[in-house]
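Contents: one structure, followed by commentary.
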Amino acid sequence: MSTETIPTQILIQSNVAHSVKIESRDGDTVGSVYSFMVHKGTGKVTHAVLSLGGFLGMGRSFYPIPFGLLTFDPVRDLYVVTIDRRLLEGGPSWANNAPIFDQAYADRVASYYGVGSENLSAA
């Protein structure tokens, strides 16, 4: 038996309380950043979880995207998503219970958006 223990959840969620807005490349409001997924070993943000829709906290859906699909605009203090909103809304998401964000789920998200997958086991 190995003395090395591998954590079951290598990413930790860092909530930002919907304070950072998301716009499309065309300047349309898309939603807000619900949280960032941070690698426990490296401290690197691997994904952003976007909050779309809803009213007064009801009916929201959450969409994880690879962090590289966002560009920060420091002048307007917001992120611009570099993909079409319809593609985003068709992607992996949840409304009530977040999935376990393991390597398989990260691979699924990366595959949907056609980008390389983060190796979550790398420290």
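For the stretch 25-123, report the accessible area per residue in Å² (1.4 Å probe, heavy atoms, rounded to an integer).
With all protein chains present, the stretch 25-123 gives 55 Å² per residue.
For the stretch 99-108, 3J(HN,Hα) computed residue by residue from phi via the Karplus equation (6.51, -1.76, 1.60; θ = phi - 60°) reads x, 6, 8, 9, 4, 4, 6, 4, 5, 4 Hz, glycine and proline entered as x.
The values are calculated or read from the model by the stated rules, or taken from the named source; none is laboratory data. Worth saying up front: this structure is predicted, and the values here are computed from it rather than measured. What goes into the accessible areas is simple: the full protein's heavy atoms, side chains included, and nothing from ligands, DNA or RNA. Shrake-Rupley method; radii C 1.70, N 1.55, O 1.52, S 1.80 Å.
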